[in-house]
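Structure record follows, encoded as C-alpha cells.
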Amino acid sequence: MKEILEIKCLSRRFGGLQAVNKCEFSVRAHSITGLVGPNGAGKSTLFNLVSGFVRPDSGEIRFAGERIDTLSAHSVARLGLRRTFQIPRELKQMTVLENLLLVPENQFGDRIVSVLSQGKRVREEEGKNLQIARGVLEMVGLSEKATHQAALLSGGQKKLLELARCLMAKPKLLLLDEPTAGVNPTLIRHLMSVLRRVNESGVTLLIIEHNMTVIMELCERVIVMDRGQVIAAGSPSAIQSNKQVLEAYLGGVSA
Amino acid sequence: MIDYAVSILIFACIYGLVALGLNIQWGLTGLINLGQVAFFAVGAYTFALLSKIGMPFPVGVLVATLTGGGFGAAVAMFTPRLREDYLAIVTLGFSEFVRLILLNEKWLAGGPDGIAGIQRPMTIAGFGSEVSFLIIVVVTLAIAFAFTRRIEGFPIGRTLRAIREDETVVSSVGKVTLAYKTRAFMLGAALAGLGGAFFASYLSYISPDMFGPNVSIYVLAAVLIGRQGSSVATLASTALVALLLEGTRILKDYVTFVDGVELAALRLMLLGIALIAIVAVRYGPRRAV
Amino acid sequence: MSGTAILTADALVAGYGEMQILHGVSLELAAGEIVTVIGPNGCGKSTLLKTLAGLLRPQGGRIELNGLDITNATTRDRLRAGLGYVPQVRNVFGTMSVEENLRMGLFAVPGSIKDRQNSVREILPTLAEYWTATAGKLSGGQQQVVALGRALMASPTVLLLDEPSAGLSPKATSEVFHHIREISNRQGVAVLLVEQNAHKALEISDRCYILAEGRNQIDGTARSILNNPVVGKIYLGAYGEVE
C-alpha cells in the first residue's frame, strides 16, 4: 500500500515547550487513521505543522512523495491537503449553498471584469459549481438545508458544513480536528457514516479525536502521541490493550 | 415649484451615485469609509479643471471617474490590511486633507474662490436645460445601478459579502482578501468621482466649502438606513435623505410662526430626529444576530 | 461520609443549550479532604466544576454547601458562603500586580485586605518573591499560585480547581500540587480537583471519582483506583460496557 503522508523526525518547540519531538509516522493512502493522545500531547501542533500553518524546526513532511514542510498553508491546501478546525467557522448570514460556492478557485465570476461580460460564462461556471456543491451536500447529508441560512444550523450540522466546505476543494487527504466534539450522540452516528462515505469516495482521513468509541469503530490504524512523540501505533484493539498508552492518558509514570 | 422638484431629483441622483459607491465598500464588503466626500471632491475638481481646458463633457466625466477610483486605490494601498479601525481614521483624515489642499493651494484649484463657469452637458432637443440634465443623470444612475446590482448577484458579490462577514473564512478557502477589498474600495471611490463630476457640472461653480464632512455623513446615513448591502434600498434611502435635506426647505412657505433662521435650525433638528427614528426602527431588536 | 460532607452534589444534570453534558453526577466532599475528579476528555469534568461554581445553571439535581441548598444561588452568594473557584489557565488579571490580583479576591466578600493578604502569604510564602511583579509576566506555575492565593483571600471552606496543572511543566506541576496540599493541611480547606494528570493529582488526593460520558463511573480511594481494570476501558474505549 502507498503512503500518502510520511513524517520523519519532525520537531517543533514553542519557547520552553517541546510541542512535537522527533515525531515519526506515516498514513496510508485511502485509509482512515486516528491520531489520539492526552491533552497537550502535540496533536494539534502536528496538524498545524502538516497543514503548513506552523513551520517545523527540523524534520521532513512528505505528501504524496513530495516535500511540503517548507510550503505555505495556501500551497499545501492547493496540493490537496485540507484541514478542518475544532470550532467550525461558517458564514452565518449566507446560505449553506453560498458557503460552499465560495470555495472553487479561479472562478471567472469572481473577478470584476465578469460584471461587464455577457454573463454566459459566469452562468455556466456557476451551474457547474452548483452541481458539485449539491453533490457534496448529498454526501454529508445536508441537502435539505441547502438554502437555509448557516446561522440556523445546529452545532453538529455546522461541523458537517465545515466538512462539506473542505470537500468542495476535492482534497486527497483531509485532516479532521475533533470532528465529534460538541456533537450530540445521534449526530455522531451520522457523522461517522458520512466520514466512511467520504473515505470510500477516495479521500484519506487523518482524525484527531477524543471519543474513543469513534476512533475504535472508524479507524483501521491508530497513532498515539504523548509529549510530542509517537508512543504507539497499530490496530485499535492493539492500542486498547497497550499498557503504555493507558499510562500516558493517566499522566505518565508518576515521577 | 416644478423647477425645485427637478433640482431635488438631480441632487438625489448625484448623491445616489455616491451612496451606491459607498454601498459597495461598506454595505457589501464591510469597509468603513468616513470620507467618501474626498473622492466626490476629487471627481468634481477633476471635471472642473478638464472643463476649463475645454475637454468635452463625456471625457471629463470618464476621467473624473477614473481619477476618483485611482485615489481610492491609493488610499486602499496606504491603509494597512484595510482593517476597519485604520480605515475609519485614514478615510476621515484623507477627506479633510483633500479639502484643505483645495482650500490652500490656489494655483491648483482656485483656493477658497473655487472654480466657476464649469460646463454643462448639451441639452437634449425638445427639453429645457434642467430637464436634459436630469435625463442624463438619471440614465447614468441607471447604468451605475445595473452595474452594482450585477456585482451583488455575481460570484464576486458573494465573495465580498463573505469578506464582510468573516474574512478568515474567505482566506481559508484560498482567496486573497486584500485584493478583493482593494478593488471594492476603488470601485466605490470611482462612483463617488462620477457623482462629483455631475455635481460640478450641475452647479457650474464649486468651492472647497461644499465638500465638508457632512456630505460623507449624509451618504453614510443613506447606506445605513438602507441597511447595508442592497443597492435598491440604498437608492430608496438616498432619495429619503435628499427629501429630508432639501424637501424640508419647502416648509418655509407654509410655516409662518417662526422666522427664517429659527426654521433653518429647526429643519436640521427635524432631520436629525428623523434619522434617529428611522435607524431605531430599522435596526431595532429584530436585528439581533 | 455523608455525616461530615461539606459539599454534596446530587444527580446533577447540566449542559449548554441543546447539548446536555452531565447526565446525573453525584459526589461528596468532606471538610479538609482533597478529592480528584478524573476522566477522559469531554467527559464533563469542567462542566461539573462550572456547575458547582454557579457559572452554569443546572437543569436538574441539587447542590448543598454546609447543609445549605445553593443549587440556584449566584456565584457571589456561593463565594460568600465559602465556595472558591479557580478556572483553568489564564486565570490571573495579567496587567495587574500580584498584590492587586489578591485584592481582587476580596471584591465580593467583606474583610480587611491587609489581614487577608498576610494570612495568604503565610500559606503561600512563595508569593512574597514576586509580590509586586505584573501577574501576566510570571511563569505558568507562578500564575497558578497567584490564582490560588486570590481564591484564598475570600477565606473559602471549599476550593474548586479546574486543571491546575494544565500547560505546566512536570516540575511546576509538582510545585503547584504541593501548594494545594499545604492549603488543605494548614487551612482545613476542602479541595475538589479536576485533572487530566491523574497520577500526580492522585498523589495528593484522598479520594477520586472517575467520570465518563457525563456520569459517575467508579470512585474510591486515591491509592487503589488506578488498579481497577475498568479505568482502561474508560480511557481507551467502549465506555458503553462500563455501565
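The values are calculated or read from the model by the stated rules, or taken from the named source; none is laboratory data. Everything numeric in this text was worked out from a predicted model, so none of it was measured. Methodologically, a virtual Cβ is constructed for each residue, glycine included, from the backbone with ideal geometry; neighbour enumeration extends over all protein chains shown. With ligands, DNA and RNA removed, areas are computed over all heavy atoms of the protein, side chains included. Shrake-Rupley method; radii C 1.70, N 1.55, O 1.52, S 1.80 Å.
Summary of computed values
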{"read-out": "Selection from segment A:102-119 of residues that are within 33 Å of the chain's Cα centre (by Cα), open to solvent by 10 Å² or more (accessible area, probe 1.4 Å) and not polar (S, T, N, Q)", "value": "A:P104, A:E105, A:F108, A:R111, A:I112"}
{"read-out": "Enumeration of residues in segment C:1-22 that are open to solvent by 70 Å² or more (accessible area, probe 1.4 Å) and part of a strand (DSSP E or B)", "value": "C:D10, C:Y16, C:Q20"}
{"read-out": "Single unsatisfied condition, B:I101 versus (1) of a type in the set (V, I, T); (2) modelled with pLDDT under 85; (3) farther than 16 Å from B:F198 by Cα", "value": "(2)"}
{"read-out": "Residue count for segment A:62-89, restricted to those that are farther than 30 Å from A:K8 by Cβ, touching an Asp or Glu at 6+ places or on another chain (Cβ under 8 Å) and either within 7 Å of chain B (Cβ to nearest Cβ) or of a type in the set (V, I, T) (or both)", "value": "1"}
{"read-out": "Filter result for B:F11 (modelled with pLDDT of 95 or more and under 11 Å from the mean Cα position of the chain (by Cα))", "value": "no"}
{"read-out": "Members of segment A:28-69 found to be open to solvent by 20 Å² or more (accessible area, probe 1.4 Å) and under 13 Å from the mean Cα position of the chain (by Cα), listed by number", "value": "A:S44, A:N48"}
{"read-out": "Given (1) surrounded by fewer than 17 Cβ atoms within 10 Å (Cβ to Cβ); (2) within 16 Å of C:T132 (Cα to Cα); (3) in contact with a helix residue (DSSP H, G or I) (Cβ under 7 Å, 6 or more places away or on another chain), index of the condition C:A108 fails", "value": "(2)"}
{"read-out": "Selection from segment A:203-230 of residues that are more than 19 Å from A:I87 (Cβ to Cβ) and either open to solvent by 30 Å² or more (accessible area, probe 1.4 Å) or not assigned by the TED database to the domain that holds A:R82 (or both)", "value": "A:T213, A:M216, A:E217, A:E220, A:R221, A:R227, A:Q229, A:V230"}
{"read-out": "Check on B:Y218, within 30 Å of B:L160 (Cα to Cα), at pLDDT 75 or above and out of contact with any strand residue (DSSP E or B) (no Cβ under 7 Å at 6 or more places or on another chain)", "value": "yes"}
{"read-out": "Unique residue being of a type outside the set (D, E), under 28 Å from B:F127 (Cβ atoms), in contact (Cβ under 8 Å) with a residue 60 or more places away in the chain and buried (at least 24 other Cβ atoms within 10 Å of the Cβ) when the list is B:T46, B:T29", "value": "B:T46"}
{"read-out": "Boolean, B:G93 is assigned to a helix (DSSP H, G or I) and open to solvent by 30 Å² or more (accessible area, probe 1.4 Å)", "value": "yes"}
{"read-out": "Subset of segment A:70-101 (residues that are part of a helix (DSSP H, G or I), within 22 Å of A:T147 (Cα to Cα) and open to solvent by less than 30 Å² (accessible area, probe 1.4 Å))", "value": "A:V96, A:L97, A:N99, A:L100, A:L101"}
{"read-out": "Meets criteria (within 14 Å of chain B (Cβ to nearest Cβ), open to solvent by 30 Å² or more (accessible area, probe 1.4 Å) and either at positive phi or not polar (S, T, N, Q) (or both)) for A:A151", "value": "yes"}
{"read-out": "Matching residues, segment B:111-155, being more than 22 Å from the chain's Cα centre (by Cα) and surrounded by 21 or more Cβ atoms within 10 Å (Cβ to Cβ)", "value": "B:F154, B:P155"}
{"read-out": "Test set (1) in contact with a Lys or Arg (Cβ under 7 Å, 6 or more places away or on another chain); (2) within 11 Å of chain C (Cβ to nearest Cβ); (3) among the hydroxyl-bearing types (S, T, Y) - A:T204 fails condition number", "value": "(2)"}
{"read-out": "Test: residue in segment C:18-40 that is without any contact (Cβ under 8 Å) to a residue 40 or more places away in the chain, within 14 Å of chain A (Cβ to nearest Cβ) and in contact with a helix residue (DSSP H, G or I) (Cβ under 9 Å, 6 or more places away or on another chain)", "value": "yes"}
{"read-out": "Sole residue being within 14 Å of chain C (Cβ to nearest Cβ), under 12 Å from A:G34 (Cβ atoms), of a type in the set (A, V, I, L, M) and touching a strand residue (DSSP E or B) at 6+ places or on another chain (Cβ under 7 Å), chosen from A:I215, A:I231", "value": "A:I215"}
{"read-out": "Members of segment B:75-90 that are open to solvent by less than 40 Å² (accessible area, probe 1.4 Å) and not β-branched (V, I, T)", "value": "B:A76, B:L82, B:L87, B:A88"}
{"read-out": "Residue identified as under 30 Å from B:I135 (Cβ atoms), out of contact with any Cys (no Cβ under 7 Å at 6 or more places or on another chain) and not small (G, A, S) among B:V63, B:V75, B:V90, B:V98", "value": "B:V63"}
{"read-out": "Residue match in segment C:113-130 (condition: open to solvent by 30 Å² or more (accessible area, probe 1.4 Å) and within 30 Å of C:P40 (Cα to Cα))", "value": "no"}
{"read-out": "Any hit, segment B:161-173, residues being open to solvent by 30 Å² or more (accessible area, probe 1.4 Å), more than 7 Å from chain A (Cβ to nearest Cβ) and touching a residue at least 60 places away in the same chain (Cβ under 8 Å)", "value": "yes"}
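A quick yes/no check of all residues on (1) within 20 Å of C:P87 (Cβ to Cβ); (2) more than 14 Å from every other protein chain (Cβ to nearest Cβ); (3) touching a residue at least 60 places away in the same chain (Cβ under 8 Å):
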{"position": "C:T132", "(1), (2), (3)": "no, yes, no"}
{"position": "C:M153", "(1), (2), (3)": "yes, yes, no"}
{"position": "C:L161", "(1), (2), (3)": "yes, yes, yes"}
{"position": "C:L168", "(1), (2), (3)": "yes, no, no"}
{"position": "C:R223", "(1), (2), (3)": "no, no, no"}
{"position": "C:N227", "(1), (2), (3)": "no, no, no"}
